[in-house]
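Participant: The structure follows.
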Amino acid sequence: GVPRCGASLHEPNKALRIELKANANCIWQIHRNVNQTIRLIFSHFKLAPSSSCESESIKVFDGPSTDSPLLAQVCDDTDAVPVIESSSNSSTFLITTNAEAFTRNFFVYYYFFSPGSKNENCGGQLTGPNGTFSSPNYPAPYPQFRYCVWHIQAPKNSKINLQFQDFFLELDRNCQLDFTAVYDGSTTKSGLLGKVCGLAQPTFESSSNAMTVVLSTDDTNSYRGFAAQYSSVSLPGPMEPNTTLTCSSDSMRIVLSKSYLAYLGFREADLQLNDPSCRPVVTDSVMFSFPLASCGTIKKDEGHSITYTNTISLAPAGNAIITRQRNTEIIAQCRMKNNETLEVIYTTTNNAIQNLAARGRYNVSMAFYESDLFSKPIQYSPYYVDLNQTLFTEVTLHSTDPNLQVFIDTCTASPQPDFGPLTYDLIRSGCNKDDTVVTYPAFGNHGRFKFRAFRFLRSFPSVYLHCDIVICDSNTTNSRCARGCIPRQKRAISPYTWKTNTVAGPIRLKIDLRAAEHSESLNEVEAEKTPNLQQYNFYTLAFVVLISNILIVVAVTLRHHKHQVGYSYQNVQS
């Protein structure tokens, strides 16, 4: 069935197909009076696109309630098939969704198991340059409720090629029941290369000398499983720490060490990019730095990402028509996807690859301006405004690519910089939600809109803006940017190209500033009227000291002349 919102579960195993709408807050509790632990597998989950972990996620707790220790949190950007194990016979998971009108789908199943038992004896460590492994009982049907993990470790300075020579698992649309997952590294948190089921012959390639393979099965149909082999491919040599690629949204910077170039047999003076006129700057290292849309950079639109690629190669020597040098190139790629940039630089030498990867972000900013000319930005923060004052807002993508277009998909206001539960929509799915919002036509790398200032109730002094920005290729006629406002019922037909976000604020009201200044002035006046007790204490102390000194002087004088005046010393003391 489809549980509506939460349940208390006591079966030894169960599969749940869950469908939730906006603003859900649902809790499932799993408990059974046995001396076993729980394995919980979220084999399929679809949360609202680009939602944050703070507003929408799955949380799994190690115990009977949400007050138990947190085991894991699954978000829209989780790049894995989450498998969570409890430490006892109780576990709880909570699914919360934000206000976005979107249908969320989940397939989760759990079962109780005994750690260390014979049924858990599968998977293992695989080392060496090559090897083979297979599913339990292969080629006979694999057993139910198995979770097997193989960790493959090849020699240093190599990558792994994995090939499934025979592969037959239970088939379903999203590989929710039985599946094999392959990860690009030494753990299941290394980045998912792929999830496979059914009848296939999949192949995978790692970016380093480590790879992790997972087999997960449920209690329904079983087939013969798989037989796999892996081999390692040596890389041409280590890229040194000062061999780097840096990508921003408007430029590419490649730094190469001279020792690495010497290893490849390159001379610094002979290097060139796709455009031969683009040559490096040679100092202690060799550097190419150029705008993304120059030096022969090749741009490729891949739907949900865009890739800029350039190649460093040797310039032909004179009028030569043959060469006996190795066919070696250094390829640099900047791939923009969602809210980040994937930087990849690798060397190809007769089909051998050296790979290095890092991550950056789009260079996107949001600012307020004095007028609709958008020429004078507001330079101070907080930005103090009058209630109902028109605020002019601009989002800018800092890029030299003239074919990129900015579209403001969603803008939300909040009284808190971390955007807690209290929010207010100005723009949602490209549609103006506030009556005062006016969106300006697209203008190159800029997205612009205006709205009138407001304040949140409950005495919140500040307003912050959080905007989701869609970036499209302006040459694509059916892009998300070209479609504008998309009503709720049509969201499924509106794919975006790339997406990022930006935050601006705080905005505060001048009336609050004046009230604060008035309060401060009153405090200063009251301070002037209030007696200075320390000063009075000083005067009192000085007076007492003065009187004491006079008495001492009188006493000493009278003692000196006691016989002349006829008084006794005792009377003088009294």
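The values are calculated or read from the model by the stated rules, or taken from the named source; none is laboratory data. Treat the numbers as computed from the prediction; the structure is a model and nothing was measured. When we count neighbours, we look across all protein chains shown, and the Cβ atoms used for this are built from the backbone with ideal geometry, even at glycine. What goes into the accessible areas is simple: the full protein's heavy atoms, side chains included, and nothing from ligands, DNA or RNA. Shrake-Rupley method; radii C 1.70, N 1.55, O 1.52, S 1.80 Å.
Participant: So for the pair ALA367, ASN388, with labels modelled 7 Å out along Cα→Cβ, what separation do we get in nm?
Facilitator: The modelled label-to-label distance comes out at 3.0 nm.
Participant: Among 402-412, 291-301, how do they line up by average Cβ neighbours within 10 Å per residue, starting with the highest?
Facilitator: By packing density, highest mean first, the sequence is 402-412, 291-301.
Participant: Hey, can you grab everything whose amide H is under 5 Å from the amide H of PHE392? Only 5+ residues off in sequence or another chain; H modelled, so Pro and N-termini drop out.
Facilitator: Long-range HN contacts for PHE392: TYR369.
Participant: Still on this structure, please answer the following. Mind checking the per residue accessible area of the range 7-113 for me, 1.4 Å probe, whole number of Å²? Please report the intermediate quantities before stating the final value.
Facilitator: Values: 4420 Å² over 107 residues.
On a per-residue basis, the range 7-113 sits at 41 Å².
Participant: While we're here: Multiplying the sequence separation of LEU171 and HIS10 by 0.36 nm and subtracting their Cα-Cα distance, what value in nm do you get?
Facilitator: 55.2 nm
Participant: OK, next. If packing is taken as the average number of other Cβ atoms within 10 Å across a peptide's residues, how do 267-275, 501-509 rank, most packed first?
Facilitator: Most protected by this proxy first, the peptides run 501-509, 267-275.
Participant: Could you report the range 124-234's accessible area per residue, 1.4 Å probe, as an integer in Å²? List each step's numbers first, then the result.
Facilitator: Details: 4830 Å² over 111 residues.
Dividing the accessible area of the range 124-234 by its residue count gives 43 Å².
Participant: Using a Förster radius of 22 Å, what is the FRET efficiency between ARG267 and HIS398 based on their Cβ-Cβ separation? Nearest 0.05, please.
Facilitator: Step by step, r from the Cβ atoms, then E = 0.05.
Participant: Rounded to the nearest 0.05, what FRET efficiency is calculated for SER186 and VAL503 with R0 set to 56 Å and r the Cβ-Cβ distance?
Facilitator: 0.95
Participant: Next up: Using a 1.4 Å probe and counting only protein heavy atoms, arrange THR203, THR500, THR188 so the residue with the most accessible area comes first.
Facilitator: THR203, THR188, THR500
Participant: Hey, can you grab everything whose amide H is under 5 Å from the amide H of TYR384? Only 5+ residues off in sequence or another chain; H modelled, so Pro and N-termini drop out.
Facilitator: ARG508
Participant: Mind checking the full-extension length gain between VAL281 and SER114? Use 0.36 nm per residue of separation minus the Cα-Cα distance, one decimal, nm.
Facilitator: 53.9 nm
Participant: In addition: Report SER52's accessible area, 1.4 Å probe, all protein chains in place, as a number in Å² to the nearest 10.
Facilitator: Near enough 50 Å² of accessible area.
Participant: Now a separate question. Mind listing the phi-derived Karplus ³J(HN,Hα) values for the range 7-14, rounded to whole Hz, using 6.51, -1.76 and 1.60 with θ = phi - 60°, and x for any glycine or proline?
Facilitator: Result, ordered by residue: 5, 10, 10, 10, 6, x, 7, 6 Hz.
Participant: Let me ask something else. Going down the list LYS299/LYS433; LYS450/LYS510; LYS299/LYS450; LYS14/LYS46; LYS258/LYS299, which pairs span over 26 Å between their C-alpha atoms?
Facilitator: Values: LYS299/LYS433 36 Å; LYS450/LYS510 19 Å; LYS299/LYS450 33 Å; LYS14/LYS46 20 Å; LYS258/LYS299 28 Å.
Beyond 26 Å between Cα atoms: LYS299/LYS433; LYS299/LYS450; LYS258/LYS299.
Participant: If R₀ is 30 angstrom, what is the calculated FRET efficiency for the pair ARG452 and SER52, using the beta carbon separation as r and rounding to 0.05?
Facilitator: Once rounded, the FRET efficiency stands at 0.65.
Participant: Collect residues whose amide H, placed 1.01 Å from N in the peptide plane, falls under 5 Å from the amide H of GLY225; neighbours closer than 5 in sequence don't count.
Facilitator: TYR142, PHE168
Participant: Determine the relative contact order of the range 117-164: mean sequence separation of Cα pairs under 8 Å and six or more apart, normalised by residue count, in whole percent.
Facilitator: RCO, the range 117-164: 48 percent.
Participant: Something else about it: By how many nm would the segment from ASP77 to ILE378 grow when fully extended, if each residue of separation counts as 0.36 nm and the alpha-carbon distance is taken off?
Facilitator: Details: separation 301, 0.36 × 301 = 108.36 nm, distance 3.38 nm.
Working it through step by step, the gained length comes to 105.0 nm.
Participant: Right, next: Can you put VAL149, VAL470, VAL282 in order of accessible area, largest first, using a 1.4 Å probe?
Facilitator: VAL282, VAL149, VAL470
Participant: Run the dipole for the range 124-234 about the Cα centre, Lys and Arg Cβ at +1, Asp and Glu Cβ at -1, nothing else charged, and hand back the magnitude in debye, nearest 20.
Facilitator: Numbers: 7 positive and 8 negative charges, 68 e Å.
That gives the range 124-234 a dipole magnitude of about 320 debye.
Participant: Of all accessible surface on the range 1-42 at a 1.4 Å probe, what whole percent is carbon and sulfur?
Facilitator: 45
Participant: Quick one: ranking LYS156, LYS59 by accessible area, 1.4 Å probe, largest first, what do you get?
Facilitator: Largest accessible area first, the list is LYS156, LYS59.
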